[in-house]
Amino acid sequence: MELQKIEIKFFAVEREPVPLAVFIDVFHGWIQASDGVYHDVVDYSHMHQGPGVVLVAPDFNVSVDETGGRRGFLFSQKTLLEGSNQERLTRVFQNALENCRHLQTEPALQGKIEFRFDEFEITLNDRLLAPNGAESYGALTAEIKPFVNRIFGGAPASLQQESDARRRVRLRIQAMAPVDPAAFLSHVGAQADGPARIN
């Protein structure tokens with residue numbers, strides 16, 4: 001199975017509540033600084049446990065997402081990517097991680113919110129290519145296991161699949177042992193800090 005339209009969600013750890021309106025202002029700042037990379041902010045803050053605040057770019061979206069009752073940073077690749085499944089996973093994960101870490105450095109959020117990198121969700125946002133069923137989960141798990149083993153440096157990890165067959169194919173991955181942050185970034189190949197890369 002070809003993995004496309006991959007979504008990565010890193011869960012938030014909040015030291016104090018951050019209203020969604022703060023992220024609207026932050027994302028408008030990203031638009032102004034991006035030289036055309038981003039072009040719109042969509043506000044779903046009126047929806048309970050909804051998509052939150054979405055920053056739109058031609059090839060991907062980034063958002064502060066509240067679906068499932070857990071706030072997190074969501075990176076959604078919209079366009080098709082070339083390469084092997086492992087190469088596509090790596091590229092999307094790198095871009096997700098770099099955008100997420102960039103958000104953490106925003107002055108308006110300093111000391112208020114961080115994101116966990118030892119637990120995350122991977123979703124395939126294409127029901128035609130990846131219908132929710134045993135075959136899709138088998139194919140996704142076969143690709144995710146070596147990927148997770150690499151980025152976690154061989155640390156054991158649990159993989160939990162979405163239990164609701166009406167939803168998209170989704171795996172929640174959690175490291176079962178401490179993960180060294182510096183080693184994690186090295187394994188992922190992410191830049192130290194920075195906004196989106198489009199390639």
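The values are calculated or read from the model by the stated rules, or taken from the named source; none is laboratory data. Computed from a predicted structure; not experimentally measured. Here the Cβ is made from the backbone with ideal geometry for all residues, glycine too, and neighbour counts use every protein chain on show.
A few points about this structure:
- Matching residues in the stretch 122-161 - criterion: being of a type in the set (Gly, Ala, Ser) and surrounded by 17 or more Cβ atoms within 10 Å (Cβ to Cβ): Ala130, Ser136, Ala139, Ala155, Ala157
- Set Gly36, Gly83: member being part of a loop (DSSP other than H, G, I, E, B) and at pLDDT 95 or above: Gly83
- Restricting attention to the stretch 39-80 and to residues that are among the polar types (S, T, N, Q) and not in a helix (DSSP H, G or I), the residue that is farthest from Glu16 (Cα to Cα) turns out to be Thr79.
- Residue in the stretch 111-119 that is without any contact (Cβ under 8 Å) to a residue 12 or more places away in the chain and surrounded by fewer than 16 Cβ atoms within 10 Å (Cβ to Cβ) present: no
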